[in-house]
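Structure first, commentary second.
The values are calculated or read from the model by the stated rules, or taken from the named source; none is laboratory data. These numbers come from a predicted model, not from an experiment. Ideal geometry is used to build each Cβ from the backbone, glycine not excepted, and the neighbour counts take in all protein chains shown. Side chains are part of the model used for accessible areas, which takes the heavy atoms of the whole protein and leaves out ligands, DNA and RNA. Shrake-Rupley method; radii C 1.70, N 1.55, O 1.52, S 1.80 Å.
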Amino acid sequence: MVGARVITVFGATGAQGGGLVRAILDDPESGFSVRAVTRDPGSDRARELARLGAEVVRADLDDEATLGPVLEGAYGAYLVTNFWEHMSAEREKRQAASLARATGHAGVQHAIWSTLEDTRECVPLDDDRMPTLQGSYKVPHFDAKAEADHFFPEAGAPTTFLRTTFYWENLYSTFAPQRGEDGVLRLVFPMGDSPLSGIAVDDIGRTALAVFKRGTDLIGATVGIAGEHLPVADIAAALTDVVGEPVRYAPMEPDAFRALGFPAADEIGNMFQYYAECADRFTHARDLAAIRALNPSLQDFATWLAGHREAFRSL
């Protein structure tokens, strides 16, 4: 788009970055164009973004020298790291520091840093309700991002801090209902009766675009987002209607969940326990009316589910 302001989107072939790329490409009146950053411009996803109209460029968060060129001349930048690629809090902080320096040096006018709460403000390190991980964290992929927040203003990057949450899309992938030996589908979460805050990845992108459209209004602000706060039992009931057979919520004690032994079971068990035991502060930080004022098309769970029925057909 001639004259459009460029937004550089890191993680463009992933969930959050991809959501923002789609939001920009779907809104030709936004005044923005998109520069999609990936480590592999030759991948199928990257080629599809190029076909749709994105400028696809290469950079690597572990190679700071590659970051400056993809930010050059950009009005805005969406900055996101992927803890799950390496599961190291220290590496995630190093990547964030590199992003902050490169963004500040490039003179970007508005950055959005995708971050999360510091769980230790609710569950201190000496609290034995959950184990301490990687030496000094309760939920490393939360806490490392929170520790990295200060890098951005210190580097001179004008930044909005966007706090995300659980993706609804996880419900047909990583955290899909599992069929037990009795043949019944179960959602296994260690959350008791507490609500799970969830959001569609497309709504992360649309809300981020709305933040960019606001200009400088939200620079320095922390914006917490979700689509709905819903008890897992209600999620299971809604899935029952879509799948066409019973889906039961199977609450599990956090210690039992951590003992399941799959990769990152401790991390994920701690995360869900944090969601449950710190639910009031987590949900209050995500005011649905305020989020909908930014993104009027914000989907609640039922709306999102109606558009994703096919994804659950193979359960």
Quiz item: Looking only at the range 166-182, which residues are part of a loop (DSSP other than H, G, I, E, B) and either aromatic (Phe, Trp, Tyr) or surrounded by 19 or more Cβ atoms within 10 Å (Cβ to Cβ) (or both)?
Solution: Phe175, Pro177
Self-check item: Residues that are open to solvent by 10 Å² or more (accessible area, probe 1.4 Å), touching a helix residue (DSSP H, G or I) at 6+ places or on another chain (Cβ under 8 Å) and within 14 Å of Tyr78 (Cα to Cα), drawn from the range 103-118
Solution: Gly104, Ala106
Exercise. Just name the residue that is most open to solvent (accessible area, probe 1.4 Å) out of those in the range 1-28 that are of a type in the set (A, V, I, L, M, F, W, C) and assigned to a loop (DSSP other than H, G, I, E, B).
Key: Val2
Self-check item: Inter-residue pairs, beta-carbon under 9 Å, first closer than 16 Å to Thr164 by Cβ and of a type in the set (Val, Ile, Thr) and in the range 281-309, second open to solvent by less than 60 Å² (accessible area, probe 1.4 Å) and in a helix (DSSP H, G or I), 6+ apart
Solution: Ile291/Asp203; Ile291/Thr207
Quiz item: In the range 29-52, what residues are open to solvent by less than 80 Å² (accessible area, probe 1.4 Å), closer than 23 Å to Ser297 by Cα and part of a loop (DSSP other than H, G, I, E, B)?
Solution: Ser30, Gly31
Quiz prompt | Of all residues making up the range 206-250, the number that are closer than 15 Å to Val184 by Cα and among the aromatic types (Phe, Trp, Tyr) | solution = 1
Quiz item: Applying the selection to the range 198-242, what residues are part of a loop (DSSP other than H, G, I, E, B) and of a type outside the set (A, V, I, L, M)?
Solution: Arg214, Gly215, Thr216, Asp217, Gly220, Gly227
Practice problem: Report yes if some residue within the range 232-244 is aliphatic (A, V, I, L, M), closer than 18 Å to Leu162 by Cβ and modelled with pLDDT of 95 or more; otherwise report no. | Solution: no
Quiz item: Do the conditions hold for Gly244, that is, is it free of Cβ contacts under 8 Å to residues at least 24 places away in the same chain, open to solvent by 20 Å² or more (accessible area, probe 1.4 Å) and at positive phi?
Solution: yes
Practice problem: Keeping to the range 53-98, report how many residues are assigned to a helix (DSSP H, G or I) and within 20 Å of the chain's Cα centre (by Cα). | Solution: 13
Quiz item: Of all the residues that make up the range 142-165, how many are outside any loop (DSSP other than H, G, I, E, B) and open to solvent by less than 10 Å² (accessible area, probe 1.4 Å)?
Solution: 8
Practice problem: Hey, can you tell me all the residues within the range 256-280 that are in contact (Cβ under 8 Å) with a residue 24 or more places away in the chain and within 17 Å of Tyr167 (Cβ to Cβ)? | Solution: Ala264, Glu267, Met271, Phe272, Tyr274, Tyr275
Exercise. Go through the residues of the range 111-120 one by one and say whether even a single one is in a helix (DSSP H, G or I), under 20 Å from the mean Cα position of the chain (by Cα), in contact (Cβ under 8 Å) with a residue 60 or more places away in the chain and farther than 24 Å from Val70 by Cα.
Key: yes
Practice problem: Working carefully through the options Ala250, Ala302, Ala226, Ala221, find the one that is open to solvent by less than 10 Å² (accessible area, probe 1.4 Å) and either aliphatic (A, V, I, L, M) or more than 18 Å from Gly192 (Cβ to Cβ) (or both). | Solution: Ala226
Self-check item: Sole exception among (1) in contact with a Leu (Cβ under 9 Å, 6 or more places away or on another chain); (2) farther than 15 Å from Leu187 by Cα; (3) small (Gly, Ala, Ser) for Ala285, by number
Solution: (1)
